[in-house]
Amino acid sequence: MYKEILQSIEGVEIYPIISLIVFVVFFIVVTVWLIRMDKNYINEMKQLPLNNEDSYKLNSGELNEKHT
């Protein structure tokens, strides 16, 4: 059924090519963007979960001692 519907559409063979081109262009743009991104910003974002003082206090028990 779907085969007949797709065959009845004029120029349907171009859609997979367009999809592939869109994917490849998007992949290249994201790759270039990541390569050109500031390395200090990447390191800062990478360390962000580890630098949270409340998280450290919660894990060490300091935060719970204040509230009791």
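The values are calculated or read from the model by the stated rules, or taken from the named source; none is laboratory data. Just so we're clear, the structure is a prediction, and the values are computed from it rather than from any experiment. Please note: Cβ atoms are built from the backbone with ideal geometry, for glycine as well, and neighbour counts cover all protein chains shown.
Per-residue answers, yes or no, for (1) modelled with pLDDT under 85; (2) assigned to a helix (DSSP H, G or I):
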site: Val12; (1), (2): yes, no
site: Val29; (1), (2): no, yes
site: Tyr41; (1), (2): no, yes
site: Glu44; (1), (2): no, yes
site: Pro49; (1), (2): yes, yes
site: Asp54; (1), (2): yes, yes
site: Leu63; (1), (2): yes, yes
site: Lys66; (1), (2): yes, yes
Which of the residues that make up the range 15-43 are β-branched (Val, Ile, Thr) and surrounded by 10 or more Cβ atoms within 10 Å (Cβ to Cβ)?
Ile21, Val22, Val24, Val25, Ile28, Val29, Val30, Thr31, Val32, Ile42
